[in-house]
1. Can you say whether PRO145 is farther than 24 Å from SER215 by Cβ and assigned to a loop (DSSP other than H, G, I, E, B), as far as the supplied structure shows?
2. With respect to GLY198, is the statement that it is under 27 Å from GLN100 (Cβ atoms) and either touching a residue at least 24 places away in the same chain (Cβ under 8 Å) or small (Gly, Ala, Ser) (or both) true?
3. Here's a check for you: in region 72-102, which residue that is part of a loop (DSSP other than H, G, I, E, B) and among the hydrophobic types (A, V, I, L, M, F, W, C) is nearest to GLY159 (Cα to Cα)?
4. Quick one: which of GLY170, GLY209, GLY236, GLY184 is at pLDDT below 95 and either within 22 Å of TRP139 (Cβ to Cβ) or surrounded by fewer than 21 Cβ atoms within 10 Å (Cβ to Cβ) (or both)?
5. For residues in region 140-157 being within 22 Å of PHE54 (Cα to Cα) and more than 22 Å from the chain's Cα centre (by Cα), which is surrounded by the most Cβ atoms within 10 Å (Cβ to Cβ)?
6. Going by the structure shown, is ALA222 within 14 Å of THR57 (Cα to Cα) and hydrophobic (A, V, I, L, M, F, W, C)?
7. Acidic (Asp, Glu) and out of contact with any Phe, Trp or Tyr (no Cβ under 7 Å at 6 or more places or on another chain), is that true of ASP132?
8. When you go through (1) closer than 22 Å to ALA60 by Cα; (2) surrounded by fewer than 23 Cβ atoms within 10 Å (Cβ to Cβ); (3) more than 17 Å from the chain's Cα centre (by Cα) one by one for VAL199, which number turns out not to apply?
Amino acid sequence: MLAIAAFAGVLALTACAPAHPAHSSGAKPVKSRHATPSATPTPTESPLPSDVLFQITAVATAPDGSAATFIETVKAPVERTEHQSGDETTLDQQCEGWRQAFPTIQYLEATVTSTLKPGDTWSDDDGRIAIDMAGYPIWNGDQEPYQQLCATALAVIPGTAHAVSPVAGGKPDAIGGWAVFRYGFSAVGADGAAASDGVSFTRCHLQLGDAATSSIFASTWAAHPETDGGAACKFGGTS
């Protein structure tokens with residue numbers, strides 16, 4: 001009889017016990033201790049040389065599918081260029097008023113390259129690419145003047161062009177400093193007028209170097225490319 005009474009007591013307790021609560025949809029999931037691997041890991045960029053402010057890269061594609069990769073590399077300003085005397089002579093010839101433009105003057109140097117995809121060709125009929133550079137740029141190499149000297153140039157594709165430009169010395173974000181100007185590429189028609197169709201730009205990218213860390217303006221450029229609906233790849237510009 002004692003055994004039977006004990007068994008009955010166990011049944012009664014079991015019947016009164018609350019049911020196990022259902023899983024709440026609002027409960028926080030338990031985090032895995034192992035990170036989920038990325039399907040497409042982001043490649044790590046190699047640092048730019050210590051004397052480089054920034055580098056702009058973009059791919060220009062013509063209506064016929066021909067593609068050219070453009071790279072504009074701009075070095076930190078210097079007090080004197082490697083060819084100072086010759087550069088000053090050319091500036092005097094091409095850029096009226098450059099000596100009076102800034103209280104103190106430093107010089108930017110830039111190199112712009114364009115490389116065609118293997119097997120592609122590029123003619124002026126495919127469209128022209130204008131290159132923006134700061135201040136009062138003088139150009140040499142594979143380029144032609146765009147509208148006037150001492151300003152934007154037109155790239156000869158493929159090729160390499162060089163520019164030297166005076167800018168204001170001192171703070172880069174002050175009036176005339178290198179960080180108030182616009183840099184990069186834009187499409188123009190075969191007649192030299194701004195193009196709203198034709199050549200398109202993709203993979204528009206800016207990499208800043210350690211030499212550019214003194215500029216607050218430049219630190220925001222990468223997040224705000226000027227693409228003009230695919231007809232350009234430009235950064236910077238308050239002047």
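1. Numbers: farther than 24 Å from SER215 by Cβ: yes; assigned to a loop (DSSP other than H, G, I, E, B): no.
When the stated conditions are applied, PRO145 does not pass them.
2. Numbers: under 27 Å from GLN100 (Cβ atoms): no; either touching a residue at least 24 places away in the same chain (Cβ under 8 Å) or small (Gly, Ala, Ser) (or both): yes.
Taking the combined requirement at face value, the residue does not satisfy it.
3. Restricting attention to region 72-102, the residues satisfying the condition of being part of a loop (DSSP other than H, G, I, E, B) are 76-77, 79-83, 95-97, 101-102.
Of the ones still in play, those that are also among the hydrophobic types (A, V, I, L, M, F, W, C) are 76, 95, 101-102.
Values: ALA76: 23, CYS95: 24, ALA101: 31, PHE102: 32 Å.
My answer is ALA76.
4. On the way: GLY209 fails: at pLDDT below 95; GLY236 fails: at pLDDT below 95; GLY184 fails: at pLDDT below 95.
Just a single option satisfies the conditions, and that option is GLY170.
5. Among those that are within 22 Å of PHE54 (Cα to Cα) and more than 22 Å from the chain's Cα centre (by Cα), it is CYS150.
6. Working: within 14 Å of THR57 (Cα to Cα): yes; hydrophobic (A, V, I, L, M, F, W, C): yes.
Criteria met by ALA222.
7. Working: acidic (Asp, Glu): yes; out of contact with any Phe, Trp or Tyr (no Cβ under 7 Å at 6 or more places or on another chain): no.
Here the answer is no, as ASP132 does not meet what is asked.
8. The single condition VAL199 does not satisfy is (2).
The values are calculated or read from the model by the stated rules, or taken from the named source; none is laboratory data. None of these values were measured; they are calculated from a predicted model. Heads up, the Cβs are rebuilt from the backbone with ideal geometry, glycines too, and the neighbour counts pull from every protein chain shown.
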